[in-house]
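One structure is given below, encoded as structure tokens.
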Amino acid sequence: MPSRSRGHNESVFLRLLAALAIIAVLPCAIIGYVLYSMNRSAHLEQTSVLLDTLAADREFTTRLLIERRQVSLDHLAKDPETARLARGLSPGGKAGDTVALREMVERSTYFAGLSVVDLTTGRHLRAGTFPQKIIERALKLKEQRPFVLTETLPGGERVLLLGQAIEPWKDGSALLLALGRLNTFNELYRDNSILGTTGESFLTDSNGLALTTLRYSYHRESHPVDAAAMTDCLAGNSGSFIITPDYTGVPTAMSYRPVQSYGGCVMVHMRASEVMATVNAMRNMIIAIVATVITAVTLMSFLVGRKLLRLNNERGLLEQALAWHASQMEATVEKRTVKLKDEIKARIEAEGRLRENEAFLKNIVHNVHEAIFMVNAEQGGAFRLMWWNANVDKMLGIKPAFAAGLLLPDVFGPDTGGRLEARCSECVDTGSIDYEETFNTPNGPMVLLTTLAPVRNAAGRVVQIICSAMDITERKKLEGEMIKSQQLDSLGVLAGGIAHDFNNLLAVIRLNISILKHNASLDPESLEMIGLVENSTALAANLTNQLLTFAKGGKPVVKAVPVREFLNEVANLSLRGTKTACKLDLAEGLSDIEADRGQMTQVINNMLMNADQAMPDGGIVKLSAEEIELTGLEKGLPLKRGRYVKITIEDHGIGIPEENLSRVFDPYFTTKKKGSGLGLASSYSIIKNHNGHISVSSSAGHGTIFEILVPASATKAPSDIHDTGGALMTRTGRVLVMDDEEGVRASVRKALESLGYEVADASNGLEAVNKYREGMDNDSAFDAVILDLTVPVGMGGEEAVAKILELDPAAKVFVSSGYSNTSVIADFKRYGFCGFLKKPYDASELDRSLHAAISAQRT
């Protein structure tokens, strides 16, 4: 039998290990896949933006260089000296010399050769580098004037051929031809440093052949990277980040743009292997992390066996690793943001030279979410608004109808305008600045993250300032909520420790008082004194409960609570005997809420008492409730998607000054002479532990509104079964008590013995397990066990109950605690306990719990 049982346990253990391995693999694989997909999408998007932006920039610059050559040729065609040379080539004319033509070539920075051609006679003059065969091919293009073509010199050098009619020959019979070298274009396309080690960009002619020098030798000049892409580009279409095999069959990521008015194409590409290198590295790292986690989980499963809760530690380590990677990604984004700011500044400085692109840039600026405006900086220190987008008026409000050219105080008012002037002066002195500042706008107070960038002239003086402002009001509110939550967490650590020790002391006092109350030999005066001590103990326990709500692990014991019945009960009790009346406005068909009834009573009672104190002469407090559905995307509400019950408490009292509104939930903050400063702080902590949200809105003299959101329950609360109570009765049975505090053990022993129970005690879990085993071996088993959950040294109640249940699966074990930082109290049955005794408890509570458990076991 033992070998068979051991084999069965080994089989169960192996199955458990297999289940743990599966549980470890699936979440890690899913998380790894999600992270890989996010990283891959983000990286491909960045690469796409890089290739598309570079292609657009190279196409624009190429078109600009060609247009400049056309403009230069047009000026030469309009030169009287050119017309004189053309007249000499006309019928009956006398051809002049080429001195003037050579001087034009020498003065020009664009052309290697010029030729004047009369299409009627076929006569021509030429200077510089200008082969005869190129002139002959140009004579065949009579219908294309002006034109831009590519030609090849006898030595194989590719050049641009430009043609322009000479004035006053508008019919095109006299033509000025020019040959332009591609040196400038080669310099433009040679800078491929941002394309990594395998990327390059180049310009082609209208036949798809490369005009500029290629970066790598394996790219043959006579073949495009991809024939299909080149055909599409030469047809006038743009390509945005496509991945396709190049002419060697290697997958390549590319973007291309046709050059308008020329017929050629700009190609930008990188090898797909280099594009995906970063993504593949992230994938390998995720695979390594997943493999490490799986190995760690398997090893820990062998070492700790049934202690599966340690998986939470592994999950914590993984979360830290993911948080570290997230911080690294944020740092990368921040660096990219700084780089983008520099790029924006460079584009602003180039605005004067690129007027043709002004309409395109204005369209972008007018459609961003930020407020952007431009200020002229005068030498006298004055700043005038010159241009702004629509968001400036929405955020800051522009006072005059025609604000262009006015000083900033005249546009935005003395306050806002004066502060902007001061910041502009700082920008002139120090350069670009970033700052956060709160402005009183037409839409109320607004926190703006503002960037000021100076624009300097050729002499280095700041002549303009570009200002951009982002509304971060909602983000600052969420940061405030996070700081407030961290403060409560810090206080919770201290409050939890104090409450644990204090409840042990109160347990000793309350147990002994409850025994004394049933002593028939005491006179009435002594009983009255005991009653006063008992009331004081109850008040101390209530204060301890408030402290417990700050503890991180002081989780509420939640169950379905009927809202209508609950609010009626609290309203009747809280305002009884005051001058304040409560008006209830409860919607029909309200769902129950998932809540700890005692803690929620404390929250609503705090709200109602504050409302009563805010109206010294009395008044009406409106208590309303309704059910709402949240999407999880609402601004300022850090709540998950789902159904919630919104409880609103509205008074018409003195209100809260604006400077105190952000501190009302801080621990120990109060403006009352006799206030403790714990009421609203504990309410905030309770609602947070219920996965809900509490907010306040108020102004001095106009009353206060508190709004509480609590998750709605999917089930209905069962009907309450009231305990009729009664005097202590004589019981029978054996009870084992484990508590690390000697005073608590002695008090519980005395209370149980006064009830008739036979009692044994232990100071830690191991001692309790041993005594329980001895009782079973001696045929004197215990009818019930009371285990203290938290023991500073040695085995605690959570581990002890598991070992006792191994010895006796039918054992009746109660968990006892005044505070716990685990979820055992909230769901004690899942851990094997049959009941919960909350410290401080009295003899009657102890009697009822034990009697019910032992009676059920005996029947």
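The values are calculated or read from the model by the stated rules, or taken from the named source; none is laboratory data. Since the structure is predicted, the reported quantities are computational estimates derived from the model, not experimental observations. All Cβ positions, glycine included, derive from the backbone under ideal geometry; neighbour counts span all protein chains shown. To get the accessible areas, we keep the full protein, side chains included, count just its heavy atoms, and leave off ligands, DNA and RNA. Shrake-Rupley method; radii C 1.70, N 1.55, O 1.52, S 1.80 Å.
The residue pairs whose first member lies in the stretch 51-67 and is over 13 Å from LEU354 (Cα atoms), whose second member is in a helix (DSSP H, G or I) and open to solvent by less than 30 Å² (accessible area, probe 1.4 Å), and whose beta carbons are closer than 7 Å, counting only pairs six or more residues apart or on different chains, are ARG58/TYR189; THR62/PHE185. Within the stretch 628-641, residues that are free of Cβ contacts under 8 Å to residues at least 12 places away in the same chain have Cβ atoms under 9 Å from residues that are outside any loop (DSSP other than H, G, I, E, B) in these pairs: GLY632/GLY642; ARG641/GLU629; ARG641/LEU630, counting only partners at least 6 apart in sequence or on another chain.
Taking the condition more than 20 Å from ALA390 (Cα to Cα) and of a type in the set (Gly, Ala, Ser), does GLY460 pass?
On the way: more than 20 Å from ALA390 (Cα to Cα): yes; of a type in the set (Gly, Ala, Ser): yes.
So GLY460 fits the description; yes.
The set of residues in the stretch 825-847 that are hydroxyl-bearing (Ser, Thr, Tyr) and without any contact (Cβ under 8 Å) to a residue 40 or more places away in the chain contains only TYR831. Across the stretch 245-279, the number of residues qualifying as open to solvent by 50 Å² or more (accessible area, probe 1.4 Å) and either among the aromatic types (Phe, Trp, Tyr) or closer than 26 Å to ILE22 by Cα (or both) comes to 1.
Based on what the data block shows, is GLU758 in the same structural domain as VAL603 (by the TED database), among the acidic types (Asp, Glu), surrounded by fewer than 16 Cβ atoms within 10 Å (Cβ to Cβ) and modelled with pLDDT of 90 or more?
On the way: in the same structural domain as VAL603 (by the TED database): no; among the acidic types (Asp, Glu): yes; surrounded by fewer than 16 Cβ atoms within 10 Å (Cβ to Cβ): yes; modelled with pLDDT of 90 or more: yes.
No; evaluated as a whole, the condition is false for this residue.
Quick one: would you say LEU89 is within 17 Å of GLY128 (Cβ to Cβ), out of contact with any helix residue (DSSP H, G or I) (no Cβ under 6 Å at 6 or more places or on another chain), among the hydrophobic types (A, V, I, L, M, F, W, C) and in the same structural domain as ALA174 (by the TED database)? Considered against the rule, which asks whether it is within 17 Å of GLY128 (Cβ to Cβ), out of contact with any helix residue (DSSP H, G or I) (no Cβ under 6 Å at 6 or more places or on another chain), among the hydrophobic types (A, V, I, L, M, F, W, C) and in the same structural domain as ALA174 (by the TED database), LEU89 comes out as no.
Scanning the stretch 762-779 for residues that are open to solvent by less than 40 Å² (accessible area, probe 1.4 Å) and more than 50 Å from the chain's Cα centre (by Cα) turns up ALA762, TYR772, GLY775.
Criterion first (buried (at least 21 other Cβ atoms within 10 Å of the Cβ) and in contact with a strand residue (DSSP E or B) (Cβ under 7 Å, 6 or more places away or on another chain)) does ILE604 satisfy it? Judged against the criteria, ILE604 is not a match. Screening ALA587 against (1) without any contact (Cβ under 8 Å) to a residue 24 or more places away in the chain; (2) farther than 30 Å from LYS838 by Cβ leaves a single unmet condition, (1). With respect to the conditions (1) at pLDDT 70 or above; (2) out of contact with any Lys or Arg (no Cβ under 7 Å at 6 or more places or on another chain); (3) not aromatic (Phe, Trp, Tyr), LEU494 falls short on a single one, namely (1). Could you please let me know if VAL744 is buried (at least 16 other Cβ atoms within 10 Å of the Cβ), among the aliphatic types (A, V, I, L, M), within 50 Å of the chain's Cα centre (by Cα) and not in a strand (DSSP E or B)? The answer is yes for VAL744. Take ARG40 and tell me if it is under 30 Å from MET254 (Cβ atoms), open to solvent by less than 40 Å² (accessible area, probe 1.4 Å) and charged (D, E, K, R). When the stated conditions are applied, ARG40 does not pass them.
Sub-6 Å Cβ pairs linking a first residue in the stretch 145-168 that is more than 18 Å from GLY208 (Cα to Cα) and outside any strand (DSSP E or B) to a second residue that is open to solvent by 60 Å² or more (accessible area, probe 1.4 Å) and at pLDDT 85 or above, at least 6 apart or interchain, are GLU167/LYS78, ordered by first then second residue. Test ALA571 against the stated conditions and say whether it is assigned to a strand (DSSP E or B), over 26 Å from GLY480 (Cα atoms) and small (Gly, Ala, Ser). In short, no. In the stretch 319-332, the residues that are farther than 17 Å from ARG283 by Cβ form no Cβ pair under 7 Å with any partner that is open to solvent by 60 Å² or more (accessible area, probe 1.4 Å), whether six or more places apart or across chains.
Of all residues in the stretch 210-244, those that are buried (at least 17 other Cβ atoms within 10 Å of the Cβ) and either at pLDDT 80 or above or not in a loop (DSSP other than H, G, I, E, B) (or both) total 11.
Quick one: would you say GLU106 is assigned by the TED database to the domain that holds ALA83, assigned to a loop (DSSP other than H, G, I, E, B) and under 17 Å from HIS75 (Cβ atoms)? Before you say what the answer is, go through the steps one by one.
Details: assigned by the TED database to the domain that holds ALA83: yes; assigned to a loop (DSSP other than H, G, I, E, B): no; under 17 Å from HIS75 (Cβ atoms): yes.
No; evaluated as a whole, the condition is false for this residue.
Scanning the stretch 89-103 for residues that are in a helix (DSSP H, G or I) and free of Cβ contacts under 8 Å to residues at least 24 places away in the same chain, we see that the one that is most open to solvent (accessible area, probe 1.4 Å) is GLU103. Cβ-Cβ contacts under 6 Å between residues 6 or more apart (or on different chains), taken from a first residue in the stretch 104-133 that is at positive phi to a second residue that is small (Gly, Ala, Ser), are listed as GLY128/ALA112; GLY128/GLY113.
Take the conditions (1) under 24 Å from LEU846 (Cβ atoms); (2) open to solvent by less than 20 Å² (accessible area, probe 1.4 Å); (3) modelled with pLDDT under 65; THR549 misses just one of them, which is (1). Residues in the stretch 271-286 include none that are modelled with pLDDT of 85 or more, over 19 Å from GLN46 (Cβ atoms) and not in a strand (DSSP E or B).
How about the stretch 837-851: which of its residues are in a loop (DSSP other than H, G, I, E, B) and not acidic (Asp, Glu)? Selection gives LYS839, PRO840, TYR841.
Quickly run through the stretch 72-88 and pick out the residues that are within 60 Å of the chain's Cα centre (by Cα) and either among the small types (Gly, Ala, Ser) or part of a loop (DSSP other than H, G, I, E, B) (or both).
If we filter the stretch 72-88 for residues that are within 60 Å of the chain's Cα centre (by Cα), which is where we start, we get 72-75.
Residue satisfying the conditions is SER72 alone.
Within the stretch 193-209, the set of residues being open to solvent by less than 10 Å² (accessible area, probe 1.4 Å) and at pLDDT 80 or above comprises LEU195, GLY199, GLU200, SER201, PHE202, LEU203, THR204, ASP205.
Taking ARG731, is it modelled with pLDDT under 90, in contact with a helix residue (DSSP H, G or I) (Cβ under 9 Å, 6 or more places away or on another chain) and either not β-branched (Val, Ile, Thr) or not in a helix (DSSP H, G or I) (or both)? Judged against the criteria, ARG731 is a match.
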